[in-house]
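Participant: Below is a structure I'd like to ask you about.
The values are calculated or read from the model by the stated rules, or taken from the named source; none is laboratory data. Treat the numbers as computed from the prediction; the structure is a model and nothing was measured. Note that we place each Cβ from the backbone using ideal geometry, even for glycine, and neighbour counts take in every protein chain shown.
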Amino acid sequence: MAILDVDKGYDAASNSALLEAFSGRRPERLPVWFMRQAGRSLPEYRAARAGHAMLDACLDPDLAAELTVQPVRRHQVDAAIFFSDIVVPLALAGVDVRIEPGVGPVFGAPVRTRAQVAALADTARLDDQRLAPITAGVSEAVRLLGGTPLIGFAGAPFTLAAYLVEGGPSRDHLAARRLMHTDPTAWALLMDVTSTLSAAFLRAQIAAGARAAQLFDSWVGSLSAADYRAHVQGASARVLTSVREAGVPSVHFGTGTGELLPALRDAGADVVGVDHRVPLDEANRRLGGAVPLQGNIDPALLAAPWPVLEAHVRDVVDRGRAAPAHVVNLGHGVPPDTDPDVLTHVVELVHSL
């Protein structure tokens with residue numbers, strides 16, 4: 001399959017190794033892509049982003065499409081993921097949020113009371129007009145990608161809710177967990193809001209040509225399995241059901257989720273993403289050997305000497321053979337100081353295996 005052959009069009013992605021693996025089959029070539037593969041590790045990314053704030057870049061269709069496609073051009077990965085940010089659907093829905101360099105999303109005011117949650121529920125909406133920059137960006141990215149499939153991107157309901165309640169990044173998400181237990185009615189309403197936004201955000205990308213969707217639950221590792229099942233799983237399941245009804249496969253990924261893997265599976269994703277903390281053969285055992293896996297090269301080892309990294313990649317691939325299917329990825333995102341040539345070599349190695 002030629003990479004970026006725009007003449008092949010949208011349907012060429014149907015024959016991709018990635019989608020075959022997402023369907024639970026073993027393709028002839030082991031597929032690989034990287035979370036945060038479009039980012040500061042690429043000099044062409046830094047050049048294109050110069051003078052553009054993060055949210056502005058996400059909402060500029062041509063720029064977002066270009067940034068989406070860059071790592072496919074450079075690394076020959078088997079998929080692109082739409083360039084966006086977890087808080088983009090919140091911003092589009094009217095929430096006061098900005099992304100500060102070196103800090104992350106910062107909100108005008110946290111949402112911590114039942115009245116504040118109710119007010120958010122009354123105003124936070126995503127319609128076709130608000131989503132127009134996203135659908136235009138996805139359509140252009142799909143056109144540029146040709147035979148390489150595009151994965152849609154969205155933050156999971158808990159991670160969106162955690163950002164809203166904390167008002168910004170947090171190490172322990174104490175305020176979010178406190179609201180969950182002190183006012184479960186308000187929490188349930190908040191999860192209804194964030195699941196509705198996540199689903200609408202992904203459905204718009206799918207309608208514009210995304211061939212799969214990944215739900216990122218960056219902060220869900222702060223929860224116990226019991227709290228996840230009681231207070232979060234249903235909201236994530238609503239998003240994943242919406243993706244399934246749109247006719248594409250889904251991946252559910254979170255960090256620090258070794259104890260949550262069966263619960264993430266039970267939320268209904270087709271593929272479970274595994275971070276670097278749990279070996280893939282052990283993750284497969286915990287999941288009953290019935291779910292395709294994605295992961296889980298340790299991002300820290302991208303800076304190691306090549307013999308060390310090569311041995312690690314081979315070990316990840318070997319352990320991944322226990323699963324019904326395996327898409328190679330990192331256990332989290334590409335660190336911004338990664339040498340791009342290292343990622344290219346990893347792709348070549350994986351494809352050779």
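Participant: With L42, L126 as the choices, which residue is of a type outside the set (K, R) and under 21 Å from L164 (Cβ atoms)?
Facilitator: Numbers: L42 fails: under 21 Å from L164 (Cβ atoms).
So the residue among L42, L126 that is of a type outside the set (K, R) and under 21 Å from L164 (Cβ atoms) is L126.
Participant: Test A136 against the criterion of being at pLDDT 95 or above and touching a His at 6+ places or on another chain (Cβ under 8 Å), and give yes or no. Write out each step before concluding.
Facilitator: Working: at pLDDT 95 or above: yes; touching a His at 6+ places or on another chain (Cβ under 8 Å): no.
When the stated conditions are applied, A136 does not pass them.
Participant: Okay, moving on. Quick check on A65: is it in a helix (DSSP H, G or I) and either touching a helix residue (DSSP H, G or I) at 6+ places or on another chain (Cβ under 6 Å) or within 21 Å of S170 (Cα to Cα) (or both)?
Facilitator: Details: in a helix (DSSP H, G or I): yes; either touching a helix residue (DSSP H, G or I) at 6+ places or on another chain (Cβ under 6 Å) or within 21 Å of S170 (Cα to Cα) (or both): yes.
Against the criterion (in a helix (DSSP H, G or I) and either touching a helix residue (DSSP H, G or I) at 6+ places or on another chain (Cβ under 6 Å) or within 21 Å of S170 (Cα to Cα) (or both)), A65 qualifies.
Participant: How about the range 101-131: which of its residues are within 17 Å of S218 (Cβ to Cβ) and free of Cβ contacts under 8 Å to residues at least 12 places away in the same chain?
Facilitator: Start the filter on the range 101-131 by keeping residues that are within 17 Å of S218 (Cβ to Cβ), which leaves 103-107.
Once the filter is applied, which keeps residues that are within 17 Å of S218 (Cβ to Cβ) and free of Cβ contacts under 8 Å to residues at least 12 places away in the same chain, the range 101-131 yields nothing.
Participant: I need the full set of residues from the range 303-347 which are in contact (Cβ under 8 Å) with a residue 12 or more places away in the chain, acidic (D, E) and either exposed (fewer than 13 other Cβ atoms within 10 Å of the Cβ) or in contact with a helix residue (DSSP H, G or I) (Cβ under 6 Å, 6 or more places away or on another chain) (or both), in order please.
Facilitator: If the condition is that a residue be in contact (Cβ under 8 Å) with a residue 12 or more places away in the chain, acidic (D, E) and either exposed (fewer than 13 other Cβ atoms within 10 Å of the Cβ) or in contact with a helix residue (DSSP H, G or I) (Cβ under 6 Å, 6 or more places away or on another chain) (or both), then D337, D339 are the ones that fit.
Participant: Can you confirm whether R73 is surrounded by fewer than 22 Cβ atoms within 10 Å (Cβ to Cβ) and not in a loop (DSSP other than H, G, I, E, B)?
Facilitator: Details: surrounded by fewer than 22 Cβ atoms within 10 Å (Cβ to Cβ): yes; not in a loop (DSSP other than H, G, I, E, B): yes.
Yes: the conditions hold for R73.
Participant: Could you pull out the residue among R143, R171, R130, R178 that is over 21 Å from L264 (Cβ atoms), among the charged types (D, E, K, R) and outside any helix (DSSP H, G or I)?
Facilitator: Details: R143 fails: outside any helix (DSSP H, G or I); R130 fails: outside any helix (DSSP H, G or I); R178 fails: outside any helix (DSSP H, G or I).
Among R143, R171, R130, R178, only R171 is over 21 Å from L264 (Cβ atoms), among the charged types (D, E, K, R) and outside any helix (DSSP H, G or I).
Participant: Let me ask something else about it. If you take the residues of the range 197-227 that are free of Cβ contacts under 8 Å to residues at least 60 places away in the same chain and under 26 Å from G247 (Cβ atoms), which of them is nearest to the chain's Cα centre (by Cα)?
Facilitator: The qualifying residue nearest to the chain's Cα centre (by Cα) is L202.
Participant: Does Q214 count as in a helix (DSSP H, G or I) and over 15 Å from P105 (Cβ atoms)?
Facilitator: Values: in a helix (DSSP H, G or I): no; over 15 Å from P105 (Cβ atoms): yes.
So Q214 fails the test.
Participant: Just checking, does the range 83-103 include any residue being under 17 Å from V193 (Cα atoms) and of a type in the set (F, W, Y)?
Facilitator: No; the residues of the range 83-103 include none that is under 17 Å from V193 (Cα atoms) and of a type in the set (F, W, Y).
Participant: Looking for whichever is touching a strand residue (DSSP E or B) at 6+ places or on another chain (Cβ under 7 Å) and either within 30 Å of H181 (Cα to Cα) or among the charged types (D, E, K, R) (or both) here; the options are L293, L287. Which one fits?
Facilitator: Working: L293 fails: either within 30 Å of H181 (Cα to Cα) or among the charged types (D, E, K, R) (or both).
Just a single option satisfies the conditions, and that option is L287.
Participant: Select from the range 162-204 the residues that are among the polar types (S, T, N, Q) and under 23 Å from G152 (Cα atoms) and write down the one among them that is surrounded by the fewest Cβ atoms within 10 Å (Cβ to Cβ). Outline the logic, then answer.
Facilitator: First pass over the range 162-204, keeping only residues among the polar types (S, T, N, Q): 170, 182, 185, 194-196, 198.
Next, from what is left, pick out any that are under 23 Å from G152 (Cα atoms): 194-196, 198.
Working: T194: 28, S195: 25, T196: 21, S198: 30.
Out of the qualifying residues, it is T196.
Participant: To continue, here is another question. Within the range 90-119, how many residues turn out to be surrounded by 18 or more Cβ atoms within 10 Å (Cβ to Cβ), touching a Gly at 6+ places or on another chain (Cβ under 9 Å) and not aromatic (F, W, Y)? Explain how you work it out, then say what you get.
Facilitator: Initial filter on the range 90-119 (surrounded by 18 or more Cβ atoms within 10 Å (Cβ to Cβ)): 90-93, 95, 97, 99, 105, 107, 111-112, 117.
Checking which are touching a Gly at 6+ places or on another chain (Cβ under 9 Å) leaves us with 90, 95, 97, 105, 107, 111-112.
Within this subset, residues satisfying the condition of being not aromatic (F, W, Y) are 90, 95, 97, 105, 111-112.
Of the residues in the range 90-119, 6 are surrounded by 18 or more Cβ atoms within 10 Å (Cβ to Cβ), touching a Gly at 6+ places or on another chain (Cβ under 9 Å) and not aromatic (F, W, Y).
Participant: Just to be sure before I move on: is P157 touching a residue at least 24 places away in the same chain (Cβ under 8 Å), under 19 Å from the mean Cα position of the chain (by Cα) and surrounded by fewer than 17 Cβ atoms within 10 Å (Cβ to Cβ) in the structure I sent?
Facilitator: On the way: touching a residue at least 24 places away in the same chain (Cβ under 8 Å): yes; under 19 Å from the mean Cα position of the chain (by Cα): yes; surrounded by fewer than 17 Cβ atoms within 10 Å (Cβ to Cβ): no.
Judged against the criteria, P157 is not a match.
Participant: Every residue in the range 244-294 that is touching a residue at least 60 places away in the same chain (Cβ under 8 Å) and over 30 Å from A208 (Cα atoms), please.
Facilitator: The answer is none; no residue qualifies.
Participant: Does Q205 satisfy being in a helix (DSSP H, G or I) and modelled with pLDDT of 95 or more? Even if it seems obvious, please write down each step before you answer.
Facilitator: On the way: in a helix (DSSP H, G or I): yes; modelled with pLDDT of 95 or more: yes.
Considered against the rule, which asks whether it is in a helix (DSSP H, G or I) and modelled with pLDDT of 95 or more, Q205 comes out as yes.
Participant: Any idea which residue in the range 210-238 is surrounded by the most Cβ atoms within 10 Å (Cβ to Cβ), counting only those that are in contact with a Lys or Arg (Cβ under 8 Å, 6 or more places away or on another chain) and of a type outside the set (D, E, K, R)?
Facilitator: Pass one, the range 210-238, residues in contact with a Lys or Arg (Cβ under 8 Å, 6 or more places away or on another chain): 222-223, 227.
This time we only want the ones that are of a type outside the set (D, E, K, R), so: 222-223.
On the way: S222: 20, L223: 27.
Step by step, filter the range 210-238, then rank; the result is L223.
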